[in-house]
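Working notes, structure below.
The values are calculated or read from the model by the stated rules, or taken from the named source; none is laboratory data. Not measured: the values here are computed from a predicted model. Cβ sites come from the backbone with ideal geometry, for glycine too, and all protein chains shown count toward neighbours.
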Amino acid sequence: MLRFPDPPLSDGTITLRAKTRDDVEALVAACQDPEISRWTRVPSPYTRDDAEGWIAASELELAAGSAIGWLVVDADGALLGSVGVQNIRPEEGVAEIGYWVAAAARGRGVAARAVRLVTGWALREGVARTLEITVHEDNPASQAVARAAGFALTGERDEAPAAGSPPGRHLVFSAPA
Ligand SMILES: CC(C)(COP(=O)(O)OP(=O)(O)OC[C@H]1O[C@@H](n2cnc3c(N)ncnc32)[C@H](O)[C@@H]1OP(=O)(O)O)[C@@H](O)C(=O)NCCC(=O)NCCS
């Protein structure tokens with residue numbers, strides 16, 4: 001059964017915790033950034049309904065064993081971003097990692113730290129044997145995150161672009177590399 005690790009995943013700088021209804025306001029604020037909707041499935045504009053729907057959907061996905069998602073917070077509990085393991089396919093031994101970091105928290109290693117924590121956990125727990133990150137070719141920041149977290153470029157995938165994305169190829173990064 002898929003469940004949140006106890007104690008929570010942390011590297012001493014960031015901590016990963018489950019989201020709650022109390023996070024709606026901070027999520028709505030962070031997700032106004034067009035960079036997030038450009039490269040992810042996060043809708044734009046982003047409303048309270050979107051945040052509440054996302055929290056509810058995440059609970060269902062966790063219960064179904066198809067995905068588990070965390071909020072990334074700092075030592076003071078402030079929201080830094082989101083990271084999750086999704087599209088868990090036990091029969092193939094494969095799952096995907098997705099993430100975004102709030103604009104104000106970028107450029108200081110938050111995403112790479114979060115991906116490292118989640119990847120280590122998922123491999124240790126046997127959630128998957130291989131983890132993948134799918135990144136648009138025009139998203140160098142996310143490609144750098146994948147590499148910084150120890151993923152290697154292993155191929156390409158036909159994928160419908162996110163609503164705000166330009167057309168283009170999607171690169172697949174895999175770990176263990
Ligand atoms: C991509 C994103 C998550 C990066 O978050 P972040 O916390 O700023 O990334 P980190 O600070 O952990 O950076 C990790 C690596 O990426 C590099 N990087 C970060 N932003 C970059 C940019 N704009 N261009 C090039 N490299 C970049 C860093 O230099 C670092 O590389 P290094 O380890 O070699 O120094 C963030 O920009 C974001 O949320 N973007 C919008 C949503 C998105 O693209 N999600 C991923 C969809 S696949």
Cβ pairs under 7 Å, 6+ apart, first in the range 101-112 and closer than 16 Å to Ala26 by Cα and touching a residue at least 40 places away in the same chain (Cβ under 8 Å), second assigned to a helix (DSSP H, G or I) and more than 6 Å from the ligand (Cβ to nearest atom)
Ala102/Ala30
What do you reckon, is Glu96 under 22 Å from Gly150 (Cα atoms) and surrounded by fewer than 13 Cβ atoms within 10 Å (Cβ to Cβ)?
no
Residue that is farthest from the ligand (Cβ to nearest atom) [pool: residues in the range 28-61 that are among the charged types (D, E, K, R) and in contact with a strand residue (DSSP E or B) (Cβ under 9 Å, 6 or more places away or on another chain)]
Glu61
In the range 83-100, how many residues are within 15 Å of the ligand (Cβ to nearest atom) and in contact (Cβ under 8 Å) with a residue 40 or more places away in the chain?
5
Has the range 34-47 got at least one residue that is among the charged types (D, E, K, R), modelled with pLDDT of 95 or more and more than 22 Å from Ala141 (Cα to Cα)?
no
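Tell me, please, whether a residue that is within 11 Å of the ligand (Cβ to nearest atom) and out of contact with any Phe, Trp or Tyr (no Cβ under 8 Å at 6 or more places or on another chain) can be found in the range 118-125.
So the first thing to find is which residues in the range 118-125 are within 11 Å of the ligand (Cβ to nearest atom), and the list is none.
Scanning the range 118-125, I find no residue that is within 11 Å of the ligand (Cβ to nearest atom) and out of contact with any Phe, Trp or Tyr (no Cβ under 8 Å at 6 or more places or on another chain), so the answer is no.
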Just need a number here: residues in the range 9-27 that are touching a helix residue (DSSP H, G or I) at 6+ places or on another chain (Cβ under 6 Å), within 16 Å of the ligand (Cβ to nearest atom) and part of a helix (DSSP H, G or I).
1
Candidate set from the range 141-167 (those that are hydrophobic (A, V, I, L, M, F, W, C) and in a helix (DSSP H, G or I)); member that is farthest from Pro34 (Cα to Cα)
Ala148
Among the residues of the range 144-175, which ones are touching a Phe, Trp or Tyr at 6+ places or on another chain (Cβ under 9 Å) and under 16 Å from Arg116 (Cβ atoms)?
Val145, Ala146, Arg147, Ala149, Phe151, Ala152, Phe173, Ser174, Ala175
Quickly run through the range 49-83 and pick out the residues that are within 18 Å of Ala103 (Cα to Cα), surrounded by 13 or more Cβ atoms within 10 Å (Cβ to Cβ) and not charged (D, E, K, R).
Ala51, Trp70, Leu71, Val72, Val73, Leu79, Leu80, Gly81, Ser82, Val83
Out of all the residues in the range 132-157, which are more than 6 Å from the ligand (Cβ to nearest atom) and within 12 Å of the chain's Cα centre (by Cα)?
Glu132, Ile133, Thr134, Ala146
Quick one: how many residues across the range 149-177 are surrounded by 12 or more Cβ atoms within 10 Å (Cβ to Cβ), closer than 22 Å to Tyr46 by Cβ and without any contact (Cβ under 8 Å) to a residue 60 or more places away in the chain?
2
If you go through the range 106-148, how many residues are hydrophobic (A, V, I, L, M, F, W, C), surrounded by 20 or more Cβ atoms within 10 Å (Cβ to Cβ) and within 22 Å of Ala162 (Cβ to Cβ)?
10
